[in-house]
Amino acid sequence: MSELYSDKKILAPMVRACRTPLRVLCLMYGADLCYTEEIVDQKLIGATRTVNGCYRIGKYSIILYTEVLGTIDYCYGDEIILRLAPEEKGRCILQIGTNSGEKAAEVANGDDVAGIDVNMGCPKPFSIHCGMGAALLKETEKVKQILTSIKAVAIVPVSCKIRVLDNESDTLNLVREIEKCGVSAITVHGRRRDERQPDACRINEIREVARLITKIPVISNGFSAEINTFEDMEKWRSETETSSVMIARKALSTPSIFRKEGVLSKYKDIENFLELACKYDESYTMTKYVVQRMLGGDQEHDPRGRATVLSGSVLQICRAFGKDEVYENWKRERQRKQNKKRFRTDEFGILNVDISFPLIRVKIIQLISIIMGLASTLSEEKDQLDILIQLGFSILEMSRRINRSRCHWKDDQNDPLVA
Ligand SMILES: Cc1cc2nc3c(=O)[nH]c(=O)nc-3n(C[C@H](O)[C@H](O)[C@H](O)COP(=O)(O)O)c2cc1C
């Protein structure tokens, strides 16, 4: 039984909401696991992975970086489609949207995230028209092909999230087939493809799945409307006889639902969220969307709510909640770190290292000289790139030990860098 998904309180995947700030906030409050928003496989395939704060040295393909945000970013064009914070390590599940085993397998071979989940429950036309989301529920062979393809390459656990089918026995047949694919967990949203929020969650049908699937954790989902306290999550877990519970809407309106000590006021939740949105440089549209969902009816009745509706930037939203100084501080901090480039080549092509402690600086420069000397002696016999690789790894090790900076290799010189 996979421990990763057993006996857990989980933040559900939510498009536009489950990005870095909300995920980190829920984890800080006490959620055990968080899911990303669904990201379509094609976008992930086309994305560039960078470690935030990389610098290229000279014309070589060595990339050294100091920590600006300390995040791992997947960028698709100008858009950051996934930003993983250090706090999420081992606790974040990437949810993908896919209709093809081949494409899904292409994005499933890393270990930046703790697990990969396939969305098989989204009933929205944009998902279904491409054969993704809930469209897969009627395509058992496709489901098997996708899951086994991912399983064949994934080095992290694989799971999927389904809705119940129109017929109870069809649901049971499907989950039986899914279990055979070797997944580590199944989430069951207790609504049918054509059912929506006011429709009751089909607790009994989730329970039937949990009784049938006993070798892997079943995660129940769909009862946010019934959750008002931390204890309610345990109540519904036990009602459904599942291993874990997953919460979406309640966690979006009240992220502190994951606090054992009790929920916080709406405004405290918003302030805490804004601090993380500033820290992780979240976009204006995504920040505004989450704050508005947390505000609910207060968008009309509270001056802070009205100011949010009228806002045109993250700074303006922050100002409405007295967090403009936090915004400015994080902005300054990012700029300070970005400007502090520790490694650069001068006009003579000599590598310069700039770090804070003079003694260490001397040692690093000595070490680099030795490596450079060695590289130039060997350069006639060996390929230049090999030598540079050695040099890169030596600097990596050295900077890790001495400076707690980190180092990352790229052999494609055309990769864009975050500087
Ligand atoms: C704003 C929003 C976005 C959602 N996006 C996703 C998504 O990306 N992937 C997914 O599997 N489900 C998505 N869902 C569905 C939820 O994960 C969840 O299954 C549903 O809201 C029922 O759970 P709840 O009663 O706790 O809200 C989304 C729901 C909401 C409200």
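None of the figures in this text is laboratory data; all of them are computed from the coordinates on show. Here the structure is a predicted model, which means the values were calculated and not measured. Reconstructed Cβ throughout: ideal geometry from the backbone, glycine too, with neighbour counts over all protein chains shown.
Below, the figures for the structure above:
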quantity	calculated
Residues Glu106, Glu325, sorted so that the one with the fewest Cβ neighbours within 10 Å comes first	Glu325, Glu106
Nearby lysines by direct alpha-carbon distance to Lys337 (threshold 18 angstrom, same-chain neighbours under 8 apart not counted)	Lys279
Cleavage-rule hits, trypsin sites (Lys or Arg not before Pro), the stretch 87-137, DSSP coil, Cβ neighbours within 10 Å at most 16	Lys89
Amide hydrogen neighbours beyond the local backbone of Leu165, cut-off 5 Å, H modeled	Thr171
Restraint check, Lys9/Lys180; Lys142/Lys215; Lys9/Lys142; Lys161/Lys266; Lys161/Lys288; Lys9/Lys161, Cα-Cα greater than 18 Å	Lys9/Lys180; Lys142/Lys215; Lys9/Lys142; Lys161/Lys266; Lys161/Lys288
The stretch 287-338: relative contact order in percent, alpha carbon pairs under 8 Å with at least 6 residues between	24 percent
Distant-in-sequence amide H partners of Asp117 (H built 1.01 Å from N, under 5 Å)	Leu94, Gln95, Ile96, Ser159
The stretch 208-265: trypsin sites (Lys or Arg not before Pro) in DSSP coil with no more than 10 other Cβ atoms inside 10 Å	Lys215, Lys260
The stretch 3-258: relative contact order as a whole-number percent, Cα under 8 Å and 6+ apart	18 percent
Integer Hz, Karplus 6.51/-1.76/1.60 couplings in order for the stretch 203-208, x for Gly and Pro	4, 4, 6, 5, 4, 4
